[in-house]
Amino acid sequence: SETTLPVIDLSLLHQPFLRSLAIHEISMACKEFGFFQVINHGIPSSVVNDALDAATQFFDLPVEEKMLLVSANVHEPVRYGTSLNHSTDRVHYWRDFIKHYSHPLSKWIDMWPSNPPCYKDKVGKYAEATHLLHKQLIEAISESLGLEKNYLQEEIEEGSQVMAVNCYPACPEPEMALGMPPHSDFSSLTILLQSSKGLQIMDCNKNWVCVPYIEGALIVQLGDQVEVMSNGIYKSVIHRVTVNKEVKRLSFASLHSLPLHKKISPAPKLVNPNNAPAYGEFSFNDFLNYISSNDFIQERFIDTIKKSSS
Ligand code: AKG
């Protein structure tokens, strides 16, 4: 499809006379797509490339070694797997992944893969950099909604960060497979790094739009926590992953959210007699409980907490 997707120069946020322009662009992108790419985001390319290098080495390890980290328990802070949940998925997706809690880093890093030996250092640096970037982005998004810049600051400082490192091997019959099925993320925001194209997002007319690969850019996706916080002014983006015959694709999806048990609800400032709260409250833990006992591909979690408009 020909739709042009938004690309925002984040260096504008640090320029007093241009910050409001960037905030305006962010607000337009969030309203139209729940999605944008960012350039000049401040994470050095060496940090990004080191993370991709560590991930490449990890997925190249012998399968027996990776299997030591396998778990089907979605509450496990570090787990390796294929598809979404290899043991329960009726349809398998063309994806291997390692997921690990990443903030606060010192609490979790000892549990991360110790092979390749560079993994903890390289991926740890990237995780810390994305944590800081998320803080700037959530401030800008709060501002774009007319909320205080630091509306969620404390929650975000102590918040959780799950890094999903994905590997989609080249696929002999790409039209028969998907890397990931359509879903939205539970997060406030997901910061996504991709090594090549493959991601598609659903636009407001329910058409799939391919996300171009832009060298040096990072992708920002709104998650369900921001949809709830904004009382539906912004929507989390539904996305899926296609695969291809030619190249193995890697991605790092850094899912930032409030602390595990902290409930998010519509911001009081965005609720008034004409705009009743459109969602019930939820925590990251509520989401985990939902996906461990439901087929979240059939019904999105966020749809289960929407209030009927009657
Ligand atoms: C996820 O890990 O939740 C994703 O949606 C990954 C997206 C991608 O690989 O582009």
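Restricting attention to the stretch 279-310, the residues that are of a type outside the set (Ser, Thr, Tyr) and not in a loop (DSSP other than H, G, I, E, B) add up to 12.
Screening the stretch 1-117 for helices (runs of 4 or more DSSP H) wholly inside it with 2 or more residues that are touching a residue at least 60 places away in the same chain (Cβ under 8 Å) returns the ranges 19-32, 45-59.
Checking Ile291, Ile297, Ile219 one by one, the residue that is touching a Leu at 6+ places or on another chain (Cβ under 9 Å), closer than 30 Å to Ser71 by Cβ and buried (at least 20 other Cβ atoms within 10 Å of the Cβ) is Ile219 and no other. Residues in the stretch 135-157 that are touching a helix residue (DSSP H, G or I) at 6+ places or on another chain (Cβ under 7 Å) and in a helix (DSSP H, G or I): Lys135, Gln136, Ile138, Ala140, Ile141, Glu143, Ser144, Ile156. For the stretch 276-300, which positions are modelled with pLDDT of 90 or more, more than 19 Å from the chain's Cα centre (by Cα) and not small (Gly, Ala, Ser)? If the condition is that a residue be modelled with pLDDT of 90 or more, more than 19 Å from the chain's Cα centre (by Cα) and not small (Gly, Ala, Ser), then Pro277, Tyr279, Glu281 are the ones that fit. All but one of (1) more than 28 Å from Cys30 (Cβ to Cβ); (2) surrounded by fewer than 17 Cβ atoms within 10 Å (Cβ to Cβ) hold for Asp96; state the number of the condition that does not hold. Failing condition for Asp96: (2).
Restricting attention to the stretch 58-93, the residues being over 20 Å from Arg240 (Cα atoms), of a type in the set (Val, Ile, Thr) and exposed (fewer than 12 other Cβ atoms within 10 Å of the Cβ) number 1. Only one of the numbered conditions (1) within 18 Å of the chain's Cα centre (by Cα); (2) over 24 Å from Cys171 (Cβ atoms) is violated by Ala55, and that is (2). On the basis of being at pLDDT 95 or above and away from the ligand (no atom under 16 Å from the Cβ), does Leu133 make the cut? So Leu133 passes the test.
The values are calculated or read from the model by the stated rules, or taken from the named source; none is laboratory data. Model, not experiment: these values are computed from the prediction. Glycine gets a Cβ as well: all are built from the backbone with ideal geometry, and neighbour counts include every protein chain shown.
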